[in-house]
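The values are calculated or read from the model by the stated rules, or taken from the named source; none is laboratory data. Since we're looking at a predicted model, the values are computed, not measured. We place every Cβ from the backbone using ideal geometry, glycine too, and count neighbours over all the protein chains shown.
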Amino acid sequence: MAAQHPAVSGKDGDVRLAVRAQPGAKVSQVLGLHGDRLRIAVQAPPVDGKANAALCAFVAQWLGVPKRAVTLGAGETSRDKRLDVAADLTLVLAKVAPFSPPA
């Protein structure tokens, strides 16, 4: 099954999620799209990798997968990041579907 969302690519068990991180927010939440990336706010400050760890933990909780299933694939010091998710592609697509670009 091919990914049907601009922020999602990969296959079952090896899903890549393109994210635009917004550290230092009041509440950790998915905000919508930023171009072809999913915009996610996290409460942690961008200091000593705390925001990256909080982002991975939040995405794991949001997707309902174990924390170890979400890792930072690229973008350690950038707001634009790639998260690698060991999950079913259908599950990830279902979670990001409400944040799809207008048709």
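In segment 31-42, the residues that are closer than 13 Å to A21 by Cβ form Cβ pairs under 6 Å with partners that are in a loop (DSSP other than H, G, I, E, B), at six or more places apart or across chains, as follows: R37/A7; L38/A7; A41/A25; V42/P23; V42/S28.
K26 meets all of the listed conditions (1) within 11 Å of the chain's Cα centre (by Cα); (2) surrounded by fewer than 19 Cβ atoms within 10 Å (Cβ to Cβ); (3) not in a helix (DSSP H, G or I) but one, namely (1). Has segment 7-20 got at least one residue that is surrounded by 17 or more Cβ atoms within 10 Å (Cβ to Cβ), touching a Lys or Arg at 6+ places or on another chain (Cβ under 6 Å), modelled with pLDDT under 95 and more than 23 Å from A97 (Cβ to Cβ)? For segment 7-20, residues surrounded by 17 or more Cβ atoms within 10 Å (Cβ to Cβ), touching a Lys or Arg at 6+ places or on another chain (Cβ under 6 Å), modelled with pLDDT under 95 and more than 23 Å from A97 (Cβ to Cβ): absent.
Of the residues making up segment 72-103, just one is closer than 18 Å to Q61 by Cβ, basic (K, R) and in a strand (DSSP E or B), namely K81.
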